[in-house]
Amino acid sequence: MSLLTRVLKFRSAGKAGPAGVEPEEAPGVRPRLFWSLWPRSDRDAGDAVTSNFLLHWFPAKVSKSSMAWSYSFWLGTITAALFLLLTLSGLPLLFLYVPSVERAYQSVKDIEYVITFGRWLRAVHRVAAHAMVITVVLHLARVFFTGAYKNGIARNQQRQWNWVIGVVMLLLTLFLSFTGYLLPWDQLAFWAVTVGTNIASAIPGIGPTVRELLIGGRAIEQATLIRFYVLHIFFLPAGVGVLFAYHMWRVRKDGGLARADREEIAETPRDVAASPTKTYTLLGVARGTSPTVTARSLEAPGTSVNAVPDLMRRAMIATLGTIAVISILSVFIASPLEEPANALITPNPAKAPWYFLWLQEIVTDTTIHLGSFTINGAFIGGVVLPGLLIGLLTVWPWIDKSPRQVTGDWFPRERRTQNLVFIAVLVGILLLTYIGMELRGPYWEWFWPWEAWPTVPGRI
Amino acid sequence: MEQRTNSPYPRVDRPMLAVIGVLLVLSCVLFFASDRAHDWRYYQMVFQGEVAQKFGAERADAVTTGIQQIWVADLGRADRCITCHQATSWKGFEQADEPFRTHPVEPLQAHPVEKFGCTACHGGQGWAVDVLEAHGEVAHWEEPLLSETLGQAYSLTGNKGALIQMNCNICHRYDRETRGADAINLAKRLVDEKGCRACHTINNRGGRIGPDLTRVGEKAPEQYDYSRLSGQQTAFAWHVAHLKNPKALTTDSTMPNFGFNSEQAQALAMLVLSWRPADVPAAYLAGAPRTDTPTAEQIAEEERMRTGPGAWFVETGCVTCHSIQVYGVRSPAQIGPDLSNAVEDVQSRFGRTIDDFLAEPSGTMAVVLSRQIILTPEQKAVAIQKLREAFAIYQKQQAEKER
């Protein structure tokens, strides 16, 4: 008997009252927001399970292959942990940061220099934000490589739509990071957002209108700052939160990770005789006759484990591990804060945030001057190419005609070509990002890593 | 009761969770420690020791601890310098070394610290509480502490601590002379003597041949061309080198080389960099009128030149560079030769007649007459006529002298 059960028993015995009248029992689920730590009856104790959100997030049993670190690398969990960390570290920053062009820079300086733990908090928020962009992309790549957006065997699976939700969340994550980029109101922020929003104005016809809508005017000013701020602290996180909840719900509805489907396809499910010893315990609080179910091969003790505690523990490892790593990194990684934003002085080079640098690189590479004609690179690199990539990514589950037997399998032969193309595109993007980050100096000129950039002059 | 599945996970995952627990504790230790590790804690400890030694333990206990700041709402400045420089308002540390020296009383009488803070005069980054950041000797901070150390780095020939005078002159720019700002005063005298205003507009008054210098101090360091400057690449170094030899930095510059020595060039560079809009309330500006008005003699002389026989040369702008002694016209800059004997002078310099030279000028005059002073053929005829008249007077004077 677990300790919890014993405590609960003790409490319920004490609460029975002098008359010894048990509380009224009624059939059906009782809608209650919270369950009691000190249940007065078995019914109350059972409610601890039926109304516990965390216990319903995960299935009761989970296949061992889905648990493997080397299948999913737990990238989704890590991303969710980063989002949690960003929310938690963002809350105190809300009290300290002032979204006004006169005060923003100063308030960030105060966070950096004199607020207790301010520098660390800001670093956590920044490092976690950059890390989230990376893990979201890695998660997406993992799902692509394993074809996990494909439906397996169960009925009513809608994995392709969960993939679409994922793509939308990727875009929201990028925009969250981008809106946060402006807030310190320093030169880095101002010009990165200038470059980023200028790309938007290359959309034919409506480009300038889109840019105006985005920045709330024709120049990056107070209207832009407050717009980005409100998007950053409320609408975008709320959007990610809602989509995340739906994303999780869909994973449950679709029968867990695609890996689990693969196993069921691989070995034909067979009925295993119900064994009298096979019971589900409900956190150890339910006593008496437990429901006995007919187990399928997948749920046999050999192939699966209980979600509580095994899955829960691993989720804990992923979440707390992420928090620990980000927290330690943030002690050592200083967040940049350049000169206050100045619309009159363009830093050379002016670079977009790093995750848009591959686009900026393409924009410059496709801007070609032929005599008096100019081929507008911003249209190709800023609109056509990313639009095409995102569009393809979104509809890919419907284009991918590989057999469903390979769902949840890393690099299957049947999906070799598309995986290679995906890798090629990914490597190309990474390469262009690296070039933009490290090899482009003043006037966007090429500098090898061993070549020094010209020194930036000071005033005095 | 509960049948446990034969799970392989606890054996591996529990130690892993334990390691993460240790990492979390470690991270707490690290970020607590990093938040505690500030230079000011050390300096406050040392200062308490110094006070205890000088005045006894009782007064040492009264020394304030924690981050201290002077908040000047009018200037929007929070100066935390006194967090380390705790002795500024203490008597008895006049001879001590920084950071524990008493601030001289005299400058504070006219500039009370609660109204001006520290960085408005000294430069540096008032927000910061660690030495390097606070002294502004870090990337992305353009107002370093204007200290003697910085003066030494620039090998100032005069007073090594003179750089702070740049900040004096932000408010005192219209003073003819500011007490205690010797370098700036020297530079202001040079501006008058060398007639910088002949070409440049300064404080909204002056010529338009050179760039307007009224707000040149706010020009960003990136906006200078350093390709011909060796050594430190800063706006200040650029100005010093440019003042010593303009053409060396800007090859097509028409600014003459005035032969300034190092001290003069450095003083002028300080003055030039101090010419930027003061972002202070009007009440902070020194009491002098808001433009530096010319003296009575200067006005009288200008009036005489404007109405005298040489008026044409004054109006046309020749006076910027050339005096015409015979007409009593005196150029403030005196860069070019006197025009009284231009008729024979041009012949001897260029081997051409004055008519020919003005029709097809060469050298500096080619630049000036094509860009700055554009003359119609009729105006050129007037010029030649007037120069011949001047030469006639000149010859008469010479003849008288010989006699």
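The values are calculated or read from the model by the stated rules, or taken from the named source; none is laboratory data. Values in this document were obtained by computation on a predicted structure and should not be read as measured data. Note that we place each Cβ from the backbone using ideal geometry, even for glycine, and neighbour counts take in every protein chain shown. When the accessible area is computed, the model is the full protein with side chains, heavy atoms only, and any ligands, DNA or RNA have been set aside. Shrake-Rupley method; radii C 1.70, N 1.55, O 1.52, S 1.80 Å.
Results for (1) open to solvent by 60 Å² or more (accessible area, probe 1.4 Å); (2) in a helix (DSSP H, G or I); (3) among the hydroxyl-bearing types (Ser, Thr, Tyr); (4) not assigned by TED's automatic domain parsing to the domain that holds residue B:201, shown as yes or no for each residue.
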| position | (1), (2), (3), (4) |
| --- | --- |
| B:270 | no, yes, no, no |
| B:273 | no, yes, no, no |
| B:336 | no, no, no, yes |
| B:365 | no, yes, no, yes |
Matching entry among A:77, A:135 (being open to solvent by 20 Å² or more (accessible area, probe 1.4 Å), assigned to a helix (DSSP H, G or I), more than 13 Å from every other protein chain (Cβ to nearest Cβ) and hydroxyl-bearing (Ser, Thr, Tyr)): A:77
Considering each residue of region B:211-232, count those that are open to solvent by 20 Å² or more (accessible area, probe 1.4 Å) and more than 14 Å from chain A (Cβ to nearest Cβ), and give that number. 3
Considering only residues that are under 22 Å from residue B:170 (Cα atoms) and facing chain A (nearest Cβ under 9 Å), which ones fall in region B:233-263? B:234, B:235, B:236, B:237, B:238
Could you identify the single residue in A:370, A:344, A:392 that is within 14 Å of another protein chain (Cβ to nearest Cβ), among the aliphatic types (A, V, I, L, M) and open to solvent by 60 Å² or more (accessible area, probe 1.4 Å)? A:344
Give me the residue from region B:33-61 that is under 28 Å from residue B:111 (Cβ atoms) and open to solvent by 80 Å² or more (accessible area, probe 1.4 Å) and, out of that set, nearest to the other protein chains (Cβ to nearest Cβ). B:59
Just a yes or no: is a residue in region B:384-394 out of contact with any helix residue (DSSP H, G or I) (no Cβ under 7 Å at 6 or more places or on another chain), buried (at least 19 other Cβ atoms within 10 Å of the Cβ) and of a type outside the set (Gly, Ala, Ser)? no
Got at least one residue in region A:185-208 being surrounded by 15 or more Cβ atoms within 10 Å (Cβ to Cβ), among the charged types (D, E, K, R) and more than 20 Å from residue A:173 (Cα to Cα)? yes
When you check residue B:248 against the structure, is it in a helix (DSSP H, G or I), open to solvent by 30 Å² or more (accessible area, probe 1.4 Å), small (Gly, Ala, Ser) and more than 25 Å from residue B:313 (Cβ to Cβ), yes or no? yes
Would a scan of region B:246-254 turn up a residue that is in contact with a Gly (Cβ under 9 Å, 6 or more places away or on another chain), of a type in the set (Val, Ile, Thr) and in contact (Cβ under 8 Å) with a residue 40 or more places away in the chain? yes
Selected residue [more than 44 Å from the chain's Cα centre (by Cα) and under 17 Å from residue B:313 (Cα atoms)] from B:379, B:395, B:372, B:385: B:385
Helices (runs of 4 or more DSSP H) wholly inside region B:119-163 that include at least 3 residues being under 15 Å from residue B:98 (Cβ atoms) and modelled with pLDDT under 95: B:148-153
Just one of B:263, B:303 is acidic (Asp, Glu), surrounded by 13 or more Cβ atoms within 10 Å (Cβ to Cβ) and either under 15 Å from the mean Cα position of the chain (by Cα) or outside the structural domain of residue B:208 (by TED's automatic domain parsing) (or both); which is it? B:263
Check whether at least one residue in region A:164-182 is open to solvent by 20 Å² or more (accessible area, probe 1.4 Å) and part of a loop (DSSP other than H, G, I, E, B), and report yes or no. no
Unique match (being of a type in the set (Val, Ile, Thr), exposed (fewer than 13 other Cβ atoms within 10 Å of the Cβ) and under 45 Å from the mean Cα position of the chain (by Cα)) among B:83, B:64: B:64
With away from chain A (no Cβ under 12 Å) and in a loop (DSSP other than H, G, I, E, B) as the only criterion, which of B:95, B:109 stands out? B:95
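Looking at A:328, A:345, A:368, which one is closer than 30 Å to residue B:141 by Cβ and over 28 Å from the mean Cα position of the chain (by Cα)?
None of the other options fit; the residue is A:345.
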What do you reckon, is residue A:411 farther than 30 Å from residue B:141 by Cβ and either open to solvent by 80 Å² or more (accessible area, probe 1.4 Å) or within 14 Å of another protein chain (Cβ to nearest Cβ) (or both)? yes
Test: residue in region A:143-152 that is at pLDDT 95 or above and either open to solvent by 50 Å² or more (accessible area, probe 1.4 Å) or among the basic types (Lys, Arg) (or both): no
Conditions (1) aromatic (Phe, Trp, Tyr); (2) open to solvent by less than 70 Å² (accessible area, probe 1.4 Å); (3) in contact (Cβ under 8 Å) with a residue 12 or more places away in the chain: number failed by residue B:9: (3)
Qualifying residues in region B:128-137 (those that are surrounded by fewer than 18 Cβ atoms within 10 Å (Cβ to Cβ) and touching a Pro at 6+ places or on another chain (Cβ under 9 Å)) - the one farthest from the other protein chains (Cβ to nearest Cβ): B:131
Residue check, residue B:182 in contact with a Ser or Thr (Cβ under 9 Å, 6 or more places away or on another chain), charged (D, E, K, R), more than 14 Å from chain A (Cβ to nearest Cβ) and in contact (Cβ under 8 Å) with a residue 12 or more places away in the chain: no
Note on region A:183-199: residues away from every other protein chain (no Cβ under 14 Å) and either among the hydroxyl-bearing types (Ser, Thr, Tyr) or assigned to a helix (DSSP H, G or I) (or both) are A:192, A:193, A:194, A:195, A:196, A:197, A:198, A:199
